[in-house]
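Everything below concerns the one structure shown next.
The values are calculated or read from the model by the stated rules, or taken from the named source; none is laboratory data. Note that the coordinates shown come from a computational prediction; the quantities given were computed from them, not determined experimentally. For neighbour counting, all protein chains shown are included, and Cβ atoms are generated from backbone atoms with ideal geometry for every residue, glycine included.
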Amino acid sequence: MKNEDFRRAGHQFVDWIADYFENVEKYPVLSRLEPGDVKKLLPPVPPTRGEGMEAIFRDFESVIMPGITHWQHPGWFAYFPANNSPASVLGEFLTAGLGAQGMVWQTSPAAAELEEVVLDWLRQMIGLPAGFSGVIQDTASTATLCALLSAREKATGFESNESGLKPPLTVYASEEVHSSAEKGVKIAGFGRKNFRRLPTDGRFALIPEKLEEALIRDKDAGLVPACVMATVGTTSSGAVDPLRAIGEICRKHGVWFHVDAAWAGTAALLPEKRWILDGAELADSLVFNPHKWMVTNFDCSAYFVRDPGTLIRTFEIHPEYLKTGVDAKVKNYRDWGIQLGRRFRALKLWFVIRSYGVEGLQAMVREHIRLAGLVKDWVEADARFELLAPVDLGLVCFRLNDGRDEAGLDELNRRFLERINADATIFLTHTTLRGKYTVRFVVGQRTTEERHVRAAWDVVSTAAGEVLKS
Ligand SMILES: Cc1ncc(COP(=O)(O)O)c(C=O)c1O
């Protein structure tokens, strides 16, 4: 492709994305395709000769676009958001254009130093005390795996790295912890049987006394507790584990304390919501995802550690070909995580924070939480519905309840959710809470305004009437 062709196509693509931002709400939020529909339209073998961008782009519009589920749609109330924003896309565009790979400081000093500074901005923005150092990981799953690996090494005096895992090490979290914790436990070699999933209280938060009991029981049995994971904003209900009490127990028993605030961490931008991180200063590590609620397009996960030395000792490796003359003076982020090669993700984060300013981001998050509060009020005001969890942030958990038995309610609510999503004007997803089929309504998409939430509630309310009649 010649540079002038790139220039022409590039301008067209920026126009296309700007139009997409303007018109995203006109698309069906959820792709309507059946499994295999996209593959059917793609040739099974690669083209022998290069093709023009016009032809490629035509296929993007006709083959790819129908198979896109529109996460940036204002009717996105599913899972958690994975927001982008114009500033973030522009930053990502430059990252791709530069094509810099930031494995060590020398391979792009600006990438390393911007990452250090921007993560310290983020640390301040969510109220973490000075002394925590940040690094960008691709996802919270990876950050949690890094925490588990660091915890493993700390618990074994770095012997696992040398000789492999020996004594049964144990890991603790609430039964509401995200599935990435269990995945990390498997990958890090702890073994699923050594993962204790502890009961939660009426707000779905971990009960500190149960944690301490479990730690003592395991220690008495000769096991080695290595890591406790607390969640701020659980995926199913948005529950906030009591960090201070958990942190104090971890200190007392000498166990690594990891905090997963993947989604809810963004809410700590708001002074009135900072309580969610009360006690986070006791953590050894904490992750939150600007790629969820903080308008920085996927992927960008902020991982903070109190002692970078442990993280680095867990991961460092020094082949001759990676040594540089400045290693003693700089941060080489290749040793702060699993991968060697690193994308320049800090650029889009820098663009986002500068473009919105802290106040701009706060205003968006505050508005989302207000809108979720409206949904909660509507649920509570309508006798057909039952609220199933407290609403502290942007997630409302509810179901239809007309008094039939639990199996019947599960079946009713399954049909209810199918009906809500049938027209693809909005998209909601489900979970189970205490075994009950639960509809989740998450407000957090950048483009969502009050009118969208009101329109969504009309869809929900109409669907409720229809399934209750049928
Ligand atoms: C609480 C929590 N932790 C971790 C994750 C995993 O996030 P990621 O996709 O960044 O690995 C999620 C995803 O929704 C989550 O809700």
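Does residue 196 count as in contact with a strand residue (DSSP E or B) (Cβ under 9 Å, 6 or more places away or on another chain) and not hydrophobic (A, V, I, L, M, F, W, C)?
Answer is yes for this residue.
Please enumerate the residues belonging to the range 414-434 that are free of Cβ contacts under 8 Å to residues at least 60 places away in the same chain and either within 13 Å of residue 237 (Cα to Cα) or crowded, with 21+ Cβ neighbours inside 10 Å (or both).
416, 417, 420, 430, 434
Within the range 358-370, can one find any residue that is over 21 Å from the mean Cα position of the chain (by Cα) and in contact (Cβ under 8 Å) with a residue 24 or more places away in the chain?
Checking the range 358-370: not a single residue is over 21 Å from the mean Cα position of the chain (by Cα) and in contact (Cβ under 8 Å) with a residue 24 or more places away in the chain.
Each row is one residue, and each column tells you yes or no for (1) in a helix (DSSP H, G or I); (2) under 20 Å from the mean Cα position of the chain (by Cα); (3) modelled with pLDDT of 95 or more; (4) over 16 Å from residue 115 (Cβ atoms).
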residue: 272; (1), (2), (3), (4): yes, no, yes, yes
residue: 276; (1), (2), (3), (4): yes, yes, yes, yes
residue: 287; (1), (2), (3), (4): no, yes, yes, no
residue: 295; (1), (2), (3), (4): no, yes, yes, yes
residue: 343; (1), (2), (3), (4): no, yes, yes, no
residue: 347; (1), (2), (3), (4): yes, yes, yes, no
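In the range 138-236, which strands (runs of 3 or more DSSP E) lie fully inside it and hold 3 or more residues that are under 19 Å from the mean Cα position of the chain (by Cα) and not charged (D, E, K, R)?
224-231
Regarding residue 120, is this residue buried (at least 16 other Cβ atoms within 10 Å of the Cβ), at pLDDT 95 or above and either assigned to a loop (DSSP other than H, G, I, E, B) or not hydrophobic (A, V, I, L, M, F, W, C) (or both)?
Against the criterion (buried (at least 16 other Cβ atoms within 10 Å of the Cβ), at pLDDT 95 or above and either assigned to a loop (DSSP other than H, G, I, E, B) or not hydrophobic (A, V, I, L, M, F, W, C) (or both)), residue 120 qualifies.
Are any residues in the range 235-260 within 12 Å of the ligand (Cβ to nearest atom) and under 16 Å from residue 184 (Cβ atoms), and if so, which ones?
Matches in the range 235-260: 235, 258, 259, 260.
Which pairs turn up if I take residues in the range 292-305 that are under 16 Å from residue 142 (Cβ atoms) and among the charged types (D, E, K, R) and look for partners that are assigned to a helix (DSSP H, G or I) and more than 9 Å from the ligand (Cβ to nearest atom) with beta carbon separation below 7 Å, at least 6 apart in sequence or on another chain?
So the pair list comes out as 292/266.
From the set of residues in the range 168-189 that are more than 13 Å from the ligand (Cβ to nearest atom) and crowded, with 22+ Cβ neighbours inside 10 Å, which is nearest to residue 233 (Cα to Cα)?
Top of the filtered list is 172.
Pull up the range 32-63, narrow it to residues that are in a loop (DSSP other than H, G, I, E, B) and aliphatic (A, V, I, L, M), then point me to the one that is farthest from the chain's Cα centre (by Cα).
Among those that are in a loop (DSSP other than H, G, I, E, B) and aliphatic (A, V, I, L, M), it is 45.
Answer with yes or no whether residue 272 is more than 30 Å from residue 188 (Cβ to Cβ), surrounded by fewer than 20 Cβ atoms within 10 Å (Cβ to Cβ), outside the structural domain of residue 144 (by TED's automatic domain parsing) and of a type in the set (D, E, K, R).
Criteria not met by residue 272.
For the range 157-190: of the residues being among the charged types (D, E, K, R) and touching a residue at least 24 places away in the same chain (Cβ under 8 Å), which is farthest from residue 240 (Cα to Cα)?
183
Given the criteria under 21 Å from residue 137 (Cα atoms), of a type in the set (A, V, I, L, M) and in a loop (DSSP other than H, G, I, E, B), does residue 259 qualify?
No; evaluated as a whole, the condition is false for this residue.
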